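Below is one structure, written out as structure tokens, with a few remarks after it.
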Amino acid sequence: QVQLVESGGGLVQAGGSLRLSCVASGRTFSSYAMGWFCQAPGKERVFVAAISWSGAGTYYADSVKGRFTISRDNAKNTVYLQMNSLKPGDTAVYYCAARAGSPTSYRDDYAYWGQGTQVTVSS
């Protein structure tokens with residue numbers, strides 16, 4: 001069982017930056033691939049980024065490539081999402097998720113989810 005708690009969301013102007021954090025409980029964090037997803041009001045939850053258990057493999061949605069960076073610190077049981085050059089279209093609740101095995105971009109592949117953190121980007 002893995003419990004995930006996100007933090008770091010908030011209100012930022014377009015062009016600004018935020019860093020989201022997700023702290024995981026459990027001793028086996030380093031064996032899980034981690035992902036970030038986002039859900040805007042009235043829309044489905046969609047893939048943002050994912051990272052392999054070692055951190056060697058990272059994957060991004062086309063909409064965030066070059067602006068967002070996913071990373072992890074297994075010693076701290078934490079995964080991060082550095083968000084730069086934010087746009088109003090990035091406004092959403094951001095969720096971290098964990099799965100055993102390789103990272104994927106499919107929401108249903110992830111067994112464990114955090115409660116989400118709100119990111120609001122003003123124009």
Reachable lysines, given that their alpha-carbon falls under 23 Å from the alpha-carbon of Lys65 and they are not under 8 places away in the same chain: Lys43, Lys87
Give me the distance in nm between label points sitting 7 Å out from Cα along the Cα-to-Cβ direction at Asp109 and Ala56, one decimal. 1.7
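At 1.4 Å probe size, with every protein chain present, just tell me what the per residue accessible area of the chain comes to in Å².
Using a 1.4 Å probe on heavy atoms only, each residue of the chain averages 51 Å².
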Taking the Cα-to-Cβ direction at Thr69 and at Ala100 and moving 7 Å from each Cα, how far apart do the two end points lie in nm? 3.3
At 0.890 mPa s and 25 °C, plugging the Kirkwood radius over alpha-carbon pairs of region 48-95 into Stokes-Einstein gives what diffusion coefficient in µm²/s? 212
Count the net charge of all other residues whose Cβ sits under 15 Å from the Cβ of Val12, scoring Lys and Arg as +1 and Asp and Glu as -1. +2
According to the Kirkwood expression over distinct Cα-Cα pairs, how big is the hydrodynamic radius of the chain, in Å? 14.1
Hey, got the Cα dimensions of region 33-72 along the principal axes, in Å, largest first? 35, 20, 12
Expected output is a single nm value to one decimal: the length gained when fully extending between Ser123 and Arg19, i.e. 0.36 nm times separation in residues minus the C-alpha distance. What is it? 35.5 nm
In the chain, what percent of the accessible surface is made up of carbon and sulfur (1.4 Å probe, ligands and nucleic acids excluded)? 48
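The values are calculated or read from the model by the stated rules, or taken from the named source; none is laboratory data. Note that this is a predicted model, so its numbers are computed, not measured. Ideal geometry is used to build each Cβ from the backbone, glycine not excepted, and the neighbour counts take in all protein chains shown. Side chains are part of the model used for accessible areas, which takes the heavy atoms of the whole protein and leaves out ligands, DNA and RNA. Shrake-Rupley method; radii C 1.70, N 1.55, O 1.52, S 1.80 Å.
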